Each structure stands twice: as C-alpha cells, then as structure tokens.
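Down below is the structure, laid out as structure tokens.
The values are calculated or read from the model by the stated rules, or taken from the named source; none is laboratory data. What you see is a predicted model; the values in this text were computed from it and never measured. For neighbour counting, all protein chains shown are included, and Cβ atoms are generated from backbone atoms with ideal geometry for every residue, glycine included.
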Amino acid sequence: MPRLIEKMIDTSYMFLEVAKQMHESCIFKKNKVSSYSRFIASFFFSRVREMFESFLILLKADRKVDCVILLRSLCNMAIDFGYVLDEDEKAKEVKAIKYLLAGDKAQKKLLEKNIDEFKKHYPDLEPRLDILTSNISTMENILTKDYGVTDWSLPNISGRAKEVGGTALNSYNQIYAYYSNVEHHNYLFGQAYVDMDKCEPLDRPKAIDKSTFFRQELILIMFRSFFLFILQGFNAEFRLKWKNKLDDLSKIHDEEYEAIKEMDKGAQK
C-alpha cells in the first residue's frame, strides 16, 4: 500500500475520533429540542460513523469495489442530508417529515404486497404494520394541520440533488450515477470480471486495479468529504461547538487532496 494512502487512513481515524467526541458532547448537551429534522441528523450521524469504520476496513483489505458501493450509499445520504437540512426551520421540518413519510409508505406498501410470504418468516408482522400505519397518519396530520401542506410527494434522488444544487448535484452526476453501475452489477461493469473470449471468471480483475474510478486515494477523499459534510451539518443542527475543530479537519483533508494532485503531477513527468 502506498505511503500516502497509509497516511490518509491514519488521518481518517482522527476524523472518527472527533465524531465520537461530538457524539458525547451532544449527549451531555442540556435542553435539546426534539424534531423530525434532528431525528434525521442523529440517524445519519450515527450511521455514517459505522459506514466509515467499515469503509476503512475494506480499504485496507484492498476491496475497492465494496468500498465504492459504500461510497455510493453515502453519496445518497449526503444528498438527502443536504436536501432536508439546508433550509429555514419550517421548510427543514416539512422536508424531514416528507422524507420519513415516503420511507414508511414505501415499506408499508412492500409489506402489504407480500404479506403472506412475510408472515411465514415474521409472525409478528402485524404490530410492525400497525406502527407504520400510525407513523404515516401522524406525519400526514402534522403536515396538513401544523404546516398546511397537502402535497406529500418527495422528489426522486436526482430531483433532490438538483434542488440542493452545487456540490450535491455534481456528486449525483459524478459519483452516484456512475457507481450505480457497480451497485447493480450490470453488464458494463461485469465485463471487468469475465474473460470475454472464454466467458470465464477472472480471479483478480485488472481493469478494476487500473481504473481511476477505483483508486484508493480518490475514493477515500470522496468518502471523507461526505463524512465531513454530515459532521458539519450535525454540529450546526444541535448547535454544538465543534466548528473550529471541523475546520481544522477540513484543512488536513484539503492538504491531503493537494498531496494526491502533486503525486499525479510527478507521475506525469
């Protein structure tokens, strides 16, 4: 493993340690107000910490493909995070409820459509459906009565990215869309794993190792960018006091990205 990526992995554990400390400071913060937007902020914050730990394990094992599947998932989360939280208080809460409502409705529809099959394996399915029904009713009532919102629809992922704009839209076009080929194991991606003349499986796809899209340094930089984005949003949402430390981490992150670009310049000479 190149020295630069080893250094970047070591640095990444510093980022995780700061996230752990942020979690602790949030726990000890008094008089916190509950909201749907804060539910999403806390959920995504906890989940992204797990994902980053898993990502680093896979990266050290040189499992690039599995790393980019996690990267695509995190890109999706970052777009959703920006869509929900980058607004004034009222709009933010409406978007948070719509986001959660869409998820519960989709799950309820799936369970009801396959209820007989699910009951074979999950005999306690009815209570789960009752919870979903109650959650949906509660959120629809809040949107209608508290916010005067009757359109409960949620834009699709590309629509959410377009609404956020800027980095989120670029991330959708450059990361989410491309790595969807990997996530869905389509024919274009699968050719890297098969000797097309003999139609035999390849033990170590050389096309993956040579591809810029699977470079360890770059996928780590992208993953950590999203990780920082969610940490910054979580800090702002709960009005914690970690901005200066997060700015320091951003500086380190940018310096390591510059080191990658300098390394590439040297390789081209």
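Before moving on, here are some points about what is shown:
- Whichever residue in segment 203-261 is polar (S, T, N, Q) and within 29 Å of ASN31 (Cα to Cα) and, among such residues, is farthest from the chain's Cα centre (by Cα): ASN244
- The residues of segment 232-248 that are of a type in the set (A, V, I, L, M) and in contact with a helix residue (DSSP H, G or I) (Cβ under 6 Å, 6 or more places away or on another chain), listed by number, are LEU240, LEU246.
- Residue ID - surrounded by the most Cβ atoms within 10 Å (Cβ to Cβ), chosen from residues in segment 49-81 that are in contact (Cβ under 8 Å) with a residue 60 or more places away in the chain and of a type in the set (Asp, Glu): ASP80
- Filtered residue count, segment 17-36, keeping only those that are farther than 15 Å from GLN232 by Cβ and part of a helix (DSSP H, G or I): 6
- Residue satisfying all of: in segment 150-176; in a helix (DSSP H, G or I) and of a type in the set (S, T, N, Q); farthest from LEU228 (Cα to Cα) among these: SER158
- Failed condition for PHE226, given (1) surrounded by fewer than 18 Cβ atoms within 10 Å (Cβ to Cβ); (2) within 16 Å of LEU74 (Cα to Cα): (1)
- Every test in (1) of a type in the set (A, V, I, L, M, F, W, C); (2) over 15 Å from ALA91 (Cα atoms); (3) crowded, with 16+ Cβ neighbours inside 10 Å is passed by VAL164 save one, and that test is (2).
- Note on segment 229-248: residues that are crowded, with 19+ Cβ neighbours inside 10 Å, under 23 Å from ARG72 (Cβ atoms) and in contact with a Ser or Thr (Cβ under 9 Å, 6 or more places away or on another chain) total 2.
- Of all residues in segment 89-133 being closer than 26 Å to ARG49 by Cα and of a type in the set (Asp, Glu), the one that is surrounded by the most Cβ atoms within 10 Å (Cβ to Cβ): GLU93
- Qualifying residue in segment 242-255 (condition: at pLDDT 95 or above and not in a helix (DSSP H, G or I)): yes
- Some residue of segment 192-203 being modelled with pLDDT under 95 and within 18 Å of ILE69 (Cβ to Cβ): yes
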